[in-house]
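Let me begin by presenting the structure, written as structure tokens, before commenting on it.
The values are calculated or read from the model by the stated rules, or taken from the named source; none is laboratory data. Computed from a prediction, not measured in an experiment: that's the story for all the values here. Here the Cβ is made from the backbone with ideal geometry for all residues, glycine too, and neighbour counts use every protein chain on show. Ligands, DNA and RNA are stripped out before the accessible areas are found, and what is left, the full protein with its side chains, is counted by its heavy atoms. Shrake-Rupley method; radii C 1.70, N 1.55, O 1.52, S 1.80 Å.
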Amino acid sequence: MNNYYMHDGDKQKGPFTIDELKSQDVKPTTSVWHEGLSEWTTANKIDELQILFIKIPPPINMVQQNATGKRKLTIAFISLVSLILISLIIFYLNNESTKEAALKSAQIELEQKNKESEKAIKEVKDELERKNKFAATEKQNEQFLEAKQAFYRNEWKKHIILTGSKYMVSGFGGIKGLDLTISNGTTYKIDNIETSVVYLKENGGVFKTEKVIFTNIPAGVNVTLPAPESERGMSVKISILKITSSSFHFCYDRNFEQEMGNKGISTSPNGVSGNPKDPWLCN
């Protein structure tokens, strides 16, 4: 994974990882550079930075409706209290000697109840607003995570790379010293990668095919395994057959891939989604 430098129009900053760039207010037109580029370019021209510009709509605010219902309940409670107090006032008014004192006392009590009710309503409203903001943030984080995982599933060939080392070929055929290396350029652990090594004869025919399986590959790590030796063969062809990662729900199977542009379309009845927009999402 590349480390990036950025230029805000005044000074150069960096280097930053992609996760660190999220806090740097990078815009599509921000000038960036990483090792391997011949010159500065804008962030919107680099594939692995597109994740910084994914826009996620805010969740629908359902909490306000709950607040309205609780406010109506509180108002009904206030109305009931007021009715009881008014009844008490009428009762005391029947006694002329206590009419004025009772009325004043009832008015004071009613005002106090109103203040208490208003305070309770405000506390409920503030609590609902706080919970609403928290729920919105949680939903946005969840949607961002889903978008990030989908990005790695659809662009996996740019981030999960298989390479082979130099090897020795005997004079009459036979291959030794071949090592296979998997580079996990994602930010997720990969559970299993199944690779194939095809040993080719001098005339291009296949002598034999062997499988090399990698397991538990941490994020951002290269893992190397030796390939089986062959008593015949003049060259090899290596490829990835299957990949599974429960960390970002990734299930790739080359047996169920049909090339369509640069996107693989799954025709598998099991294991992968079959959705052309996200074909390697595990079922």
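Couple of notes before you dig in:
- Looking across the stretch 136-162, just one residue is among the aliphatic types (A, V, I, L, M), over 13 Å from the mean Cα position of the chain (by Cα) and outside any strand (DSSP E or B), and that is Ala136.
- Applying the set (1) more than 30 Å from Ala147 (Cβ to Cβ); (2) under 29 Å from the mean Cα position of the chain (by Cα); (3) not in a strand (DSSP E or B) to Phe248 leaves exactly one unmet item: (1).
- Of the residues Ile51, Ile56, the single one that is surrounded by 12 or more Cβ atoms within 10 Å (Cβ to Cβ), out of contact with any Ser or Thr (no Cβ under 8 Å at 6 or more places or on another chain), modelled with pLDDT under 80 and within 30 Å of Lys157 (Cα to Cα) is Ile56.
- Any hit, the stretch 207-216, residues being closer than 13 Å to Gly164 by Cβ and either at pLDDT below 95 or open to solvent by 30 Å² or more (accessible area, probe 1.4 Å) (or both): yes
- Qualifying residue in the stretch 107-120 (condition: part of a helix (DSSP H, G or I), touching a residue at least 40 places away in the same chain (Cβ under 8 Å) and either among the small types (Gly, Ala, Ser) or farther than 19 Å from Ser247 by Cα (or both)): yes
- Inter-residue pairs, beta-carbon under 7 Å, first under 11 Å from His7 (Cβ atoms) and among the aromatic types (Phe, Trp, Tyr) and in the stretch 25-41, second at pLDDT 90 or above and in a loop (DSSP other than H, G, I, E, B), 6+ apart: Trp33/Trp40
- Taken over the stretch 168-188, the criterion of being surrounded by 20 or more Cβ atoms within 10 Å (Cβ to Cβ), outside any loop (DSSP other than H, G, I, E, B) and not aliphatic (A, V, I, L, M) is satisfied by Asn184 alone.
To keep it simple, each residue is scored yes or no on (1) of a type outside the set (D, E, K, R); (2) open to solvent by 50 Å² or more (accessible area, probe 1.4 Å); (3) at pLDDT below 85.
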{"site": "Gly9", "(1), (2), (3)": "yes, yes, yes"}
{"site": "Ile18", "(1), (2), (3)": "yes, no, yes"}
{"site": "Ser31", "(1), (2), (3)": "yes, no, no"}
{"site": "Glu39", "(1), (2), (3)": "no, yes, no"}
{"site": "Gln64", "(1), (2), (3)": "yes, yes, yes"}
{"site": "Leu73", "(1), (2), (3)": "yes, yes, yes"}
{"site": "Leu80", "(1), (2), (3)": "yes, yes, yes"}
{"site": "Ile86", "(1), (2), (3)": "yes, yes, yes"}
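- Which numbered condition Ser239 fails, given (1) surrounded by 15 or more Cβ atoms within 10 Å (Cβ to Cβ); (2) of a type in the set (Gly, Ala, Ser); (3) modelled with pLDDT of 95 or more: (1)
- Condition met for Asn132 (assigned to a helix (DSSP H, G or I) and among the polar types (S, T, N, Q)): yes
- Screening Glu229, Glu194 for residues that are among the acidic types (Asp, Glu) and either within 21 Å of Met168 (Cβ to Cβ) or exposed (fewer than 13 other Cβ atoms within 10 Å of the Cβ) (or both) leaves exactly one candidate, Glu229.
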